[in-house]
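Novice: Starting off with a structure, shown below.
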Amino acid sequence: MIIVTGASRGLGRSVAERLIESGEEVLGISRDTKSLPFEAVAGDVADHNTLKSIAQKLRKEKRVLEGVVNAAGIASMNLAVTTPPSMTQKLIQTNLVGTIHCCQVFAPLMIRRKKGSIINFSTIAVALGLKGESIYAASKAGVEGFSRAFAREMADFNIRVNCVAPGPIRTDLLKGVSEEQIETIVSQQVLPKVFEPGDVSDLCQFLLGPSSASLSGQVLHVGGA
Amino acid sequence: MTTCGYIIMNLKDSKNIVLACIVEITDDEIKPTDEMSLIGKDATLDSMKLVELCLALEDKAADLKFEFDWTSETAMSKSRSLFRTVSSLAEEFHVQSQNAQ
């Protein structure tokens, strides 16, 4: 089974659907699970206790966890000086603390089997230092730093930890970003085009599978940075 | 002895469970004592073994019909960690088993 957070929409939804199409058993976690066509539980990644209850239930049911895709995230495109403190907290809590919580809570289920793969989501905004995304980038830079160190901690247990860092992808997260801004970002990528959610799913599938057995502690940029 | 599905356990039982788990995860290479350090410069187990010990205790707790939570704020934020020694870990294991009843 593979856990996908942020599974109700955007990249999380796309990754979850791709995995299901490929025959994987997926457990989605998201705040809104209404009408999701796959097994899902309601939960906020910022809430450690909820995640712990989910993990305890999985352990009791002896579910075999093979991977975790931490795709839950929020974005806010604002200059740092015009971002309210509450939004700063929310970005850090969901993007960084939420990712850490999921890793802390679900990794022990894979440690038992000494096998697993964890994918955390970053952004191209970290590598490019994009104007107007400083706090969002800070939260994701934290995810990258955490993932590199966590990869070393998990290596003894044969669990790989990698980051996927997409550029602009056509999802809800891009709403509110002008075409001009998107073009500015895309032009700085190695491959200057807007990629599709399917491209991110391809990469996640690769990182979850045995073909990526030699990769851990890496940040992979969709589009190149 | 059991009541309501829970197995009644005293502190000595808890300590014996912790000691047995250490022997098990180290393939009998370590002869643990009550005051053996689990963290810090004198730690006998490496970090990998410490995690394995926690998971082994989680399994034992499940057999005894309670949840052993080694990651809770209460367990981790005590001024003196539950991982200080075999005894302190056994005490926490015992307390959690009692709280579950």
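Novice: Within segment A:25-55, track down each residue that is within 14 Å of chain B (Cβ to nearest Cβ) and open to solvent by 50 Å² or more (accessible area, probe 1.4 Å).
Specialist: A:Asp47, A:Asn49, A:Ser53, listed by residue number.
Novice: Name every residue in segment A:111-158 that is among the acidic types (Asp, Glu) and in a helix (DSSP H, G or I), in order of residue number.
Specialist: Answer for segment A:111-158, where residues must be among the acidic types (Asp, Glu) and in a helix (DSSP H, G or I): A:Glu144, A:Glu153.
Novice: Output the number of the condition that A:Val177 fails; it satisfies all remaining conditions of (1) part of a loop (DSSP other than H, G, I, E, B); (2) open to solvent by 60 Å² or more (accessible area, probe 1.4 Å).
Specialist: Exception for A:Val177: condition (2).
Novice: Within segment A:2-24, does at least one residue satisfy the condition of being open to solvent by 50 Å² or more (accessible area, probe 1.4 Å), polar (S, T, N, Q) and closer than 25 Å to A:Ile111 by Cα?
Specialist: yes
Novice: All but one of (1) at pLDDT 95 or above; (2) among the small types (Gly, Ala, Ser); (3) on the phi > 0 side of the Ramachandran plot hold for A:Ala137; state the number of the condition that does not hold.
Specialist: (3)
Novice: Same structure, new question: Mind checking which residues of segment A:144-160 are away from chain B (no Cβ under 14 Å), touching a strand residue (DSSP E or B) at 6+ places or on another chain (Cβ under 9 Å) and under 26 Å from A:Ser76 (Cβ atoms)?
Specialist: Once the filter is applied, which keeps residues that are away from chain B (no Cβ under 14 Å), touching a strand residue (DSSP E or B) at 6+ places or on another chain (Cβ under 9 Å) and under 26 Å from A:Ser76 (Cβ atoms), segment A:144-160 yields A:Glu144, A:Phe146, A:Ser147, A:Arg148.
Novice: Search segment B:83-101 for residues being modelled with pLDDT under 90 and within 14 Å of B:Met36 (Cβ to Cβ), and hand back the single one that is least open to solvent (accessible area, probe 1.4 Å).
Specialist: B:Phe83
Novice: Just give me the residues in segment B:26-55 being within 14 Å of chain A (Cβ to nearest Cβ) and open to solvent by 20 Å² or more (accessible area, probe 1.4 Å), in sequence order.
Specialist: Within segment B:26-55, B:Asp46, B:Ser47, B:Met48, B:Lys49, B:Leu50, B:Val51, B:Glu52 qualify.
Novice: If you scan segment A:180-222, which residues turn out to be open to solvent by less than 30 Å² (accessible area, probe 1.4 Å) and more than 16 Å from A:Glu17 (Cβ to Cβ)?
Specialist: Correct list: A:Ile182, A:Ile185, A:Val186, A:Gln189, A:Phe195, A:Leu207, A:Gly209, A:Ser212, A:Gly217, A:Val222.
Novice: OK, next. For segment A:56-77, what are the residues that are modelled with pLDDT under 95, open to solvent by 60 Å² or more (accessible area, probe 1.4 Å) and more than 14 Å from chain B (Cβ to nearest Cβ)?
Specialist: A:Met77
Novice: Name every residue in segment A:25-53 that is touching a residue at least 40 places away in the same chain (Cβ under 8 Å) and either touching a strand residue (DSSP E or B) at 6+ places or on another chain (Cβ under 6 Å) or under 16 Å from B:Ala62 (Cβ atoms) (or both), in order of residue number.
Specialist: A:Ile29, A:Val45, A:Lys52
Novice: Does B:Lys65 satisfy the criteria of being away from chain A (no Cβ under 14 Å), surrounded by fewer than 15 Cβ atoms within 10 Å (Cβ to Cβ) and of a type in the set (Lys, Arg)?
Specialist: no
Novice: Any idea which of (1) away from chain B (no Cβ under 14 Å); (2) surrounded by fewer than 21 Cβ atoms within 10 Å (Cβ to Cβ); (3) out of contact with any helix residue (DSSP H, G or I) (no Cβ under 6 Å at 6 or more places or on another chain) is the one A:Arg113 doesn't satisfy?
Specialist: Looking at each condition in turn, A:Arg113 falls short on (1).
The values are calculated or read from the model by the stated rules, or taken from the named source; none is laboratory data. Only a predicted model underlies this, so the values are computations on that prediction, with no experimental measurement involved. FYI the Cβ positions are ideal-geometry reconstructions off the backbone, even for glycines, and counts take in every protein chain you see. Ligands, DNA and RNA are stripped out before the accessible areas are found, and what is left, the full protein with its side chains, is counted by its heavy atoms. Shrake-Rupley method; radii C 1.70, N 1.55, O 1.52, S 1.80 Å.
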